[in-house]
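Asker: One structure follows; several queries about it will come next.
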């Protein structure tokens with residue numbers, strides 16, 4: 001099969017090349033030259049009007065060649081009608097010199113069928129046929145059946161070939177026009193693809209900047225905020241041991257900030273998830289929060305929680321970090337409860353504090369909903385991007401409850 005198809009395609013290409021308008025045009029020139037030479041040789045061999053035959057043959061050949069040189073041959077009906085009319089007059093004159101020049105009628109029928117429109121080509125072909133009947137009668141005084149039937153068959157054949165040749169040129173021009181249109185369409189498609197690629201690249205840059213802003217806010221910015229609060233506490237403390245403990249905690253947080261910064265630069269997954277599952281990572285950041293804020297904490301993890309897709313783990317972990325940072329800076333809470341649960345189609349992270357609360361927007365937050373600060377807005381956007389959302393329930397003096405929910409996707413390694 002693999003060897004037959006290329007051979008067949010090559011054969012089709014060869015057939016197409018042999019039947020191309022350029023090949024047919026040169027074939028017409030060759031036929032005209034052969035017929036002219038035959039007519040001249042027959043007249044010379046008869047030793048009758050030799051000089052006149054040579055002159056009229058030269059004139060016919062020169063006018064024929066001049067027409068194809070001075071006018072483009074790659075256009076349909078490109079030859080002017082006056083050129084064709086002069087050629088016919090030269091041929092008619094040659095018939096009075098010798099009846100042998102009636103052989104050129106075959107070439108004239110080819111030209112008439114190709115250069116004229118349908119009806120004129122038929123009418124002038126009939127005129128040429130009439131002169132082919134007149135020539136032998138003028139020179140020999142008689143007209144045989146062969147002299148009538150031969151030119152008739154040859155004329156019909158030549159005229160049919162020329163019309164087929166004309167149709168091939170029309171098809172070739174249509175194919176060329178179609179190819180040009182396809183090339184222009186391809187160029188436009190390429191330009192659109194390049195424009196789309198640029199737009200996607202710019203959108204990717206914007207999305208990456210947003211992601212980095214969230215990463216920095218959820219990690220380094222909050223750790224630096226904690227370091228600032230601890231530094232103020234250390235400067236106000238009079239107990240050297242307490243100051244030493246605070247400085248030791250600042251050193252730990254600065255180390256974590258440096259590690260997170262290196263991870264962000266390397267575009268790796270959160271450091272907390274590198275060596276432990278989500279539940280363990282949440283427990284660790286909750287313990288760190290309790291140490292830094294002196295707020296009581298409790299964590300409830302539903303048993304049997306599957307290993308979630310990394311994108312879900314990252315989103316939930318960053319949501320917990322941002323929420324705990326808000327509690328520490330604004331809530332003035334004494335207790336924080338963090339719960340992680342799941343159902344058949346959803347995983348939920350609830351963070352509840354008993355702080356002073358606030359008045360949140362009514363209903364479920366929508367994408368890009370401004371909620372009073374970058375923290376909650378960034379949490380909401382992060383969850384929206386994964387098909388989830390953020391619910392906020394709070395009232396002044398009654399604490400705050402955040403619920404982050406995402407569609408459940410289990411990590412492939414856990415299947």
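Asker: Out of all the residues in segment 14-29, is one or more modelled with pLDDT of 80 or more and assigned by TED's automatic domain parsing to the domain that holds residue 139? Working first, answer last.
Answerer: So the first thing to find is which residues in segment 14-29 are modelled with pLDDT of 80 or more, and the list is none.
No, because not a single residue in segment 14-29 is modelled with pLDDT of 80 or more and assigned by TED's automatic domain parsing to the domain that holds residue 139.
Asker: Can you find a residue that is modelled with pLDDT of 85 or more, under 22 Å from residue 228 (Cβ atoms) and buried (at least 16 other Cβ atoms within 10 Å of the Cβ) anywhere in segment 337-344?
Answerer: Restricting attention to segment 337-344, the residues satisfying the condition of being modelled with pLDDT of 85 or more are 337-344.
From what's left, under 22 Å from residue 228 (Cβ atoms): none.
Looking through segment 337-344, none of the residues is modelled with pLDDT of 85 or more, under 22 Å from residue 228 (Cβ atoms) and buried (at least 16 other Cβ atoms within 10 Å of the Cβ).
Asker: Tell me whether segment 184-203 contains one or more residues that are part of a helix (DSSP H, G or I), without any contact (Cβ under 8 Å) to a residue 24 or more places away in the chain and touching a helix residue (DSSP H, G or I) at 6+ places or on another chain (Cβ under 9 Å).
Answerer: Within segment 184-203, not a single residue is part of a helix (DSSP H, G or I), without any contact (Cβ under 8 Å) to a residue 24 or more places away in the chain and touching a helix residue (DSSP H, G or I) at 6+ places or on another chain (Cβ under 9 Å).
Asker: Follow-up. In the set 89, 51, 152, which member is within 60 Å of the chain's Cα centre (by Cα), surrounded by fewer than 15 Cβ atoms within 10 Å (Cβ to Cβ), in a helix (DSSP H, G or I) and modelled with pLDDT of 80 or more?
Answerer: Details: 51 fails: within 60 Å of the chain's Cα centre (by Cα); 152 fails: modelled with pLDDT of 80 or more.
Matching residue, one of 89, 51, 152: 89.
Asker: Then there is this: Pick from 392, 327: which is outside any strand (DSSP E or B), modelled with pLDDT of 90 or more, assigned by TED's automatic domain parsing to the domain that holds residue 296 and out of contact with any helix residue (DSSP H, G or I) (no Cβ under 6 Å at 6 or more places or on another chain)?
Answerer: Details: 392 fails: outside any strand (DSSP E or B).
The conditions single out 327.
Asker: Does residue 352 count as under 23 Å from residue 396 (Cβ atoms), at pLDDT 90 or above and in the same structural domain as residue 393 (by TED's automatic domain parsing)?
Answerer: On the way: under 23 Å from residue 396 (Cβ atoms): yes; at pLDDT 90 or above: yes; in the same structural domain as residue 393 (by TED's automatic domain parsing): yes.
Here the answer is yes, as residue 352 does meet what is asked.
The values are calculated or read from the model by the stated rules, or taken from the named source; none is laboratory data. Computed from a prediction, not measured in an experiment: that's the story for all the values here. Cβ sites come from the backbone with ideal geometry, for glycine too, and all protein chains shown count toward neighbours.
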